[in-house]
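Trainee: Dumping the structure here so I can ask a few things about it.
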Amino acid sequence: MRILATDLDRTLLPNGSWPPDPGAIDLFNELTERHGVLVVYVTGRNLDLAENAIKEYGIRYPHMLIGDVGTSIRKYEQGTWATHGGWEAHIRQTSPRWDAQAVRAAIRSVDGISEQESEHCSAFKQSYYVDHARNETVLQMVDELVKGKFDEVIVYSYDSQSGQGLLDFLPHSATKQTALEYVADEHGVNKTDVVFCGDSGNDIFPLTAGFSGVLVRNADEQLVKNVKQATDTNPALRVYFATGGFKGLSGFYTSGVIEGAYHYGLFHDD
Ligand SMILES: [Mg+2]
């Protein structure tokens, strides 16, 4: 079995400022079905927002949904979602010092951030909007107050749509990377047989973790730079940069995912 895992916003979903290829989503739906790959969405969205994306853009239902930036895993079977209880137990066991409320208290005094709405926060996710112009000062303050104290990982990303910075505190054992490793492991799939596609910020972890990585053509400059740095240090990393021009597709969003899946042989024409 092989796994096609992909971020949603601006990776599989054409919701950025570049023009999408009409028909790319239908093609993605058809190709994943035809090649029998296990489809995993790996997203910052919670379940409701992931459902909205599926309905709004017409992307197929995945077999598994890694949501809330890796802090939740769900299976989609016979038209319903089932929470993966084993994942929660695993997080608690492997990040014993994690405490969302303690993180919240620790950074109460930091200027330039505001807590995200309750639907974007959970027991395993404490999230903020950040004034992007002040992100360096903010991140430095946050590091001083939090880093290393709560078995946490601090993830900063920039939302090019809203112009806002997004700051997530997660248990270090529950990121997009570790959740995908958990899913791959559970299905007995080698890491190199997992293709992961991304475009920004928190996709850096799964893109440099030993999976077969794909950056869609519209990937953030910062992410491209970080990934190139990682491959310089570790030439064994497998990363493909979608360029477009493949089968008449642009390489943006869904088209980049398709191009990457062909590159690694998940999709083929015969
Ligand atoms: Mg994205």
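What follows draws every value from the coordinates through simple rules; no lab data is involved. This one's a predicted model, so the numbers in the text were calculated from it and none came from an experiment. Reconstructed Cβ throughout: ideal geometry from the backbone, glycine too, with neighbour counts over all protein chains shown.
Trainee: How high is the relative contact order of the chain, given as a whole-number percent (alpha carbon pairs under 8 Å, six or more residues apart)?
Mentor: Rounded, it is 21 percent for the chain.
Trainee: Here's something else I'd like to know. Could you work out how far helix 47-57 tilts from the main Cα principal axis of the chain, as a 0 to 90 degree angle to the nearest 10?
Mentor: Between helix and principal axis, roughly 30 degrees.
Trainee: Now for a separate question. Output the peptides 154-165, 189-200, 244-255 sorted from most to least packed, where packing is the average of other Cβ atoms within 10 Å over each peptide's residues.
Mentor: Highest mean packing first, the order is 189-200, 244-255, 154-165.
Trainee: Between 0 and 90 degrees, rounded to the nearest ten: what's the tilt of helix 221-233 against the longest Cα principal axis of the chain?
Mentor: The angle comes out at about 80 degrees.
Trainee: Any chance you could run the full-extension gain for R104 through K228? It's 0.36 nm times the residue separation minus the Cα-Cα distance, nm to one decimal.
Mentor: Going from the current span to full extension adds 41.3 nm.
Trainee: Would you mind ranking M1, M64 so that the residue whose beta carbon has the fewest other beta carbons within 10 Å leads the list?
Mentor: Ordered from fewest to most neighbouring Cβ atoms within 10 Å, M1, M64 come out as M1, M64.
Trainee: Further question: Ignoring everything except DSSP H segments at least 4 long, calculate the 222 nm mean residue ellipticity for the chain; use -39,500 (n - 2.57) per segment, divide by total residues, nearest 500.
Mentor: That calculation yields -10000 deg cm²/dmol at 222 nm.
Trainee: Which order do the peptides 101-111, 209-219 come out in when sorted by mean C-beta neighbours inside 10 angstrom, highest first?
Mentor: Highest-to-lowest ranking by the protection proxy: 209-219, 101-111.
Trainee: Still on this model: List the lysines whose Cα lies under 27 Å from the Cα of K147, skipping any in the same chain that are fewer than 8 positions away.
Mentor: K125, K176, K225, K228
Trainee: So how much slack lies between E88 and Q116, counting 0.36 nm per residue of separation and subtracting their Cα-Cα distance, in nm?
Mentor: Answer, rounded to one decimal: 7.9 nm.
Trainee: Which of the three applies to the chain, rounded, prolate or oblate, going by the alpha-carbon gyration tensor with a ≥ b ≥ c and a/c under 1.5 meaning rounded?
Mentor: Prolate is the answer for the chain, as a/c is 1.5 or above and a/b outweighs b/c.
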